[in-house]
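Here is the structure we will look at, set down as structure tokens.
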Amino acid sequence: MLWSVWWVWIAGGFVVGMIELMMPGFIFLGFAGGALVTGVLLGIGVVDGESLSLLLMIFAFASLVIWGGLRLVIGTRPGQVKLWKSDIND
């Protein structure tokens, strides 16, 4: 099947990375990294490509970890999120 080919995951990661370049916001970068990690694991033979559910779990977990790491390193811009500590009625 097509999902069991390592270069398809790598190519998908590059395509999603290009989407990130067109719409910056570090949202698609996690998905691109997850696809690249999945493709590399398939390519070196760590993961068997027969199980689509296993590949999707690896993709989802890697994407989440990479996105969380990016949020820790890059963080939010000052003034991006307004936290209210008091209410207008207090």
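Within the range 28-60, the set of residues being surrounded by 13 or more Cβ atoms within 10 Å (Cβ to Cβ), of a type outside the set (Gly, Ala, Ser) and not in a helix (DSSP H, G or I) comprises just one member, Val47. Can you confirm whether Gly69 is of a type in the set (Gly, Ala, Ser) and in a helix (DSSP H, G or I)? Yes, satisfied.
In summary, Gly25 fulfils each of the numbered conditions (1) under 15 Å from the mean Cα position of the chain (by Cα); (2) surrounded by 10 or more Cβ atoms within 10 Å (Cβ to Cβ); (3) of a type outside the set (Phe, Trp, Tyr) with the single exception of condition (2). Note on the range 3-20: residues that are touching a residue at least 40 places away in the same chain (Cβ under 8 Å) and more than 14 Å from Ile58 (Cα to Cα) total 1.
Report whether or not Val81 is modelled with pLDDT of 95 or more and either in contact with a Phe, Trp or Tyr (Cβ under 9 Å, 6 or more places away or on another chain) or of a type outside the set (Lys, Arg) (or both). For Val81, the condition - modelled with pLDDT of 95 or more and either in contact with a Phe, Trp or Tyr (Cβ under 9 Å, 6 or more places away or on another chain) or of a type outside the set (Lys, Arg) (or both) - is not met. Within the range 63-71, is there a residue that is modelled with pLDDT under 90 and either under 23 Å from Val16 (Cα atoms) or not charged (D, E, K, R) (or both)? Yes, the range 63-71 has at least one match.
The values are calculated or read from the model by the stated rules, or taken from the named source; none is laboratory data. What you see is a predicted model, and the numbers here were worked out from it, not measured in a lab. Positions of Cβ are backbone-derived with ideal geometry, glycine not excepted, and every protein chain shown enters the neighbour counts.
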